[in-house]
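All remarks here apply to the structure that follows.
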Amino acid sequence: MGCSTKVGELLKRIRSDLGLSQKQMAGMTMSVTQYSRIESGDQRIIADDLFEILTAQ
């Protein structure tokens, strides 16, 4: 399991715990499509975007 997969799984768990949709979690940082790919481990996320998503909630 790669790092991007682990980050995606963690984001999904956080989002689920907060009761948010992918659209709400992605917010103004990125598209829902990009966010979905990150959760599934198909796309990497840069640290700046990760920080922005996690601090916006």
By accessible area (1.4 Å), largest first, GLU9, GLU39 order as GLU9, GLU39
Which net charge results when you count Lys and Arg as +1 and Asp and Glu as -1 among the other residues whose beta-carbon is under 15 Å from that of GLU39?
+3
At 1.4 Å probe size, what's the solvent-accessible area of ASP48? Round to the nearest 10 Å².
120 Å²
Region 1-16-region 30-57 distance, computed between alpha-carbon centres (Å):
10 Å
Counting helices only, and only those DSSP H runs with n ≥ 4, report the 222 nm mean residue ellipticity of the chain as the sum of -39,500 (n - 2.57) divided by its residues, in deg cm²/dmol to the nearest 500.
-20500 deg cm²/dmol
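If you rank LYS23, LYS12 by how much accessible surface each has, with a 1.4 Å probe, what is the order from largest down?
LYS23, LYS12
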Solvent-accessible surface (1.4 angstrom probe) belonging to ILE46, in square angstrom, nearest 10:
100 Å²
Where the accessible area of the chain is counted over protein heavy atoms with a 1.4 Å probe, how much of it, in %, is carbon and sulfur?
52 percent
What whole-number value in Å² describes the accessible area per residue of the chain for a 1.4 Å probe?
69 Å²
Here the net charge surrounding THR5, from other residues whose Cβ is less than 15 Å away from its Cβ (Lys, Arg +1; Asp, Glu -1), is +2
Largest-first ranking of ARG44, ARG13, ARG37 by accessible area, probe 1.4 Å, whole protein assembly kept, is ARG44, ARG13, ARG37
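The values are calculated or read from the model by the stated rules, or taken from the named source; none is laboratory data. Since the structure is predicted, the reported quantities are computational estimates derived from the model, not experimental observations. All Cβ positions, even for glycine, are placed from backbone atoms using ideal geometry, and neighbour counts span all protein chains on display. For the accessible areas, the whole protein counts, side chains as well, though only heavy atoms, and no ligand, DNA or RNA atoms are used. Shrake-Rupley method; radii C 1.70, N 1.55, O 1.52, S 1.80 Å.
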